[in-house]
1. What are the equivalent ellipsoid semi-axes of the stretch 1-91, built from the alpha-carbon gyration tensor (square roots of five times its eigenvalues), in whole angstrom, biggest first?
2. Longer than 20 Å from Cα to Cα, which of K59/K299; K299/K375; K27/K59; K12/K149; K230/K299; K314/K375 are they? Say none if no pair is.
3. Could you tell me what percent of the DSSP beta bridges with both partners in the stretch 99-197 are antiparallel, to the nearest 5?
4. Within the set of other residues whose C-beta is less than 11 Å from the C-beta of N353, count the net charge using Lys and Arg as +1 and Asp and Glu as -1.
5. Roughly how many Å is it from the Cα centre of the stretch 247-277 to that of the stretch 314-353, as a whole number?
6. Determine, for each peptide in 154-162, 95-103, 47-55, 356-364, the mean count of other beta carbons within 10 angstrom over its residues, then list the peptides with the highest first.
7. Order these by the 10 Å Cβ neighbour count, fewest first: K262, K27.
8. When the Karplus curve 6.51 cos²θ - 1.76 cosθ + 1.60 is applied with θ = phi - 60°, which whole-Hz ³J(HN,Hα) does each residue of the stretch 315-332 get, with x for Gly and Pro?
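Here, each number is a calculation from the coordinates, and none is a lab measurement. Because the structure is predicted, anything quoted here is derived from the model rather than measured. Here the Cβ is made from the backbone with ideal geometry for all residues, glycine too, and neighbour counts use every protein chain on show.
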Amino acid sequence: MTTEETIDLFDKYVIGNYTRLPRVIVKGEGCYMFDADGNRILDMFPGWAVSAIGHCHPKVVEAIRTQAGELLHIDNTFYSGPQGRLAKLLSERAFGGKSFFCNSGAAANEAALKLARLHTSQQKYKFITAEGSFHGRTFATLTATAQPKHHEGLLPLLPGFVYVPFNNIQALEAAFTDEVAAVMVEPIQGEGGINIATKEYLQAIRRLCDENGALVIFDEVQTGIGRTGKWFAYQHFGIEPDIMTMAKALGGGVAIGAMMAKEEVAASLVPGKHATTFGGSALVCAAAVAVIEAIEEEKLLENAINIGQYAKDKLDQLKQKHSIIDHVRGVGLMIGLQLNTPGAEIVDKCLQNGLRINCTQGTVLRLMPPMIVNKSQIDQAIDILDNVLTEGQK
Ligand SMILES: *Cc1c(COP(=O)(O)O)cnc(C)c1O
């Protein structure tokens, strides 16, 4: 099938709710993807942060092949090995919590919100979330997403959500009442533009929740599973949540989400209160186990820190050369370039030159390279970006 034929199929049969770039991707391998016209693209935003240890990581592919030969899916009426093994690996790498498995980031956040209401007293029903947040597209997680542009045309939303400006402790204090069940935040806002929480802010959330009998929920759907150089971003700040969600990178390319909760909180999720048919299937859990093992065996957390710093230094140098870059911010391999002009055209031009990056919030170029990336691939990416920015000035 040619590129034109495939695009034609989409025009006729696939709902047009995505803005798609005119490329048909047929293969992924490590830091690269290949389109139907034979072009190789250096992928610095693989699978929207899903393929975080690179496309088709051999260990993940092998684990999927093996598991597929034994058992794809068994419903949660029964026990199965991969789900149990994955829960253990996650617990040991986080705060010793227990996990519930689902199939997306939004579903993990839904579970977190439901658990927070179930666990706290009945008068507690409010959720505080931060402006610029992104928590998903289901009605509850869309309501939690404190960005009016995502709400347009969908009102009324769910009652009980209160929005506060991100990183503003005073506003948080002012919003707190004894009706608050939980505060949900991303330690580093992703879609919101790589906005990093201050340690003081997360400490204030922890303190206010403790004082008011509310729960801290960290949404680590984008930051979790090593992206920032630690297993979870909250570990940079030394503040533990009661509930944490993850998804994107967890399955290495297959659909899985997880909500983890401290044991005493998790105990409130009893049979009948929550479920999802596909959750924790043997296939996806086997893939996620392989992701965690690969990160460990290949020392990818260290790589995320080292190469992340290398990339940030290089991008800081690029900023000296191009006044369009206001500043660079990020942690590990989660990097944003704040521009002082719109960035969409730069993303398009980079792709034409064989580099995939992303732009969020109009003016933030987002780079989330796979954790297996090396210095020469970062150099290549920055060379392409440099050329595109130079062209743009002419
Ligand atoms: C992507 C994302 C979500 C939503 O995940 P889906 O799998 O698209 O439902 C939620 N929270 C954060 C922080 C995300 O980046």
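1. Output for the stretch 1-91: semi-axes of 32, 18, 13 Å.
2. Among K59/K299; K299/K375; K27/K59; K12/K149; K230/K299; K314/K375, the Cα-Cα distance tops 20 Å for K12/K149.
3. Here the share of antiparallel DSSP bridges comes out near 20 percent.
4. Here the charged neighbours net out to -2.
5. Comparing the Cα centres of the stretch 247-277 and the stretch 314-353, I get a distance of 35 Å.
6. 47-55, 95-103, 356-364, 154-162
7. Ordered from fewest to most neighbouring Cβ atoms within 10 Å, K262, K27 come out as K27, K262.
8. 5, 4, 5, 4, 4, 4, 8, 10, 5, 5, 8, 7, 6, 10, 9, x, 9, x
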